[in-house]
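Before any comments, here is the structure.
The values are calculated or read from the model by the stated rules, or taken from the named source; none is laboratory data. All figures in this text were calculated on a predicted structure; none of them were measured in a lab. In this analysis, Cβ positions are derived from the backbone assuming ideal geometry, glycine residues included, and neighbour counts consider all displayed protein chains. Protein only, heavy atoms only, side chains kept; ligands, DNA and RNA dropped before computing areas. Shrake-Rupley method; radii C 1.70, N 1.55, O 1.52, S 1.80 Å.
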Amino acid sequence: MQGVLRARRVRVAVALGGAGLVVGGVLVVREVNSPVGGVEAAADGGTPQCARITRAYPDGLGGQRRDDAALPGVGVWGGGTVTARCGVEPPAATTDPCVSVDGVDWVWRPAKPGDGRKVLVTYGRDPAVEVVISDRVAGTDDVLVEMSRAVSPVAQHAKCIGDDDVAAPPAG
């Protein structure tokens, strides 16, 4: 009798283990194939202001179509070739390079070495928006023009200044 019970327990354990592997495999495949794979919503991505900005994200960026992304404040184009996250921490005054595009200031953030991406964050606006652009996208300028349209309704309280294109708090 104990042999029969032991055999049943082994079969149940094997069945449960197999089911766990199947479920785990499905979750891994789903994450790998997800257009937001690896992108997380920013801490303040669920605010009403980020919802308005997200609705203004363009249908296409850098030659890529916008993917479905259910995360608040997140936009994804071309399976992650370009991503945007509204609600990131606004950058403090910095000596990082800064560029103004159609009245919106963007601070260049250092990407990880060999990462193959450009990281930019709006400067002087709260909520701030981070845009990550793959080096495979030839039109970084075009991406910033389109994204500047989406974020320009957010009030600007500081600007990039000076010949060195550094970002600083407003004077006064």
Quick one: with all protein chains in place, what share of the accessible area of the range 57-172 is carbon or sulfur, to the nearest percent (1.4 Å probe)?
49 percent
Can you list, bin by bin at 10 Å, the percent of alpha carbon pairs in the range 101-144, starting at 0?
27, 54, 18, 0
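With a 1.4 Å probe and all protein chains kept in place, how do C86, C160 rank by accessible area, largest first?
C160, C86
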Taking the Cα centre of each part, how many Å lie between the range 91-122 and the range 132-157?
11 Å
In nm, to one decimal, how far is the modelled label at V145 from the one at R65, with both set 7 Å along Cα→Cβ?
2.3 nm
Full extension from A43 to A138: what is 0.36 nm times the residue separation minus their Cα-Cα distance, to one decimal in nm?
31.2 nm
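Rounded, prolate or oblate: which one fits the range 37-145, using the alpha carbon gyration tensor with axes a ≥ b ≥ c (rounded when a/c is under 1.5, else prolate when a/b beats b/c, else oblate)?
Because its axes are fairly even, with a/c under 1.5, the range 37-145 counts as rounded.
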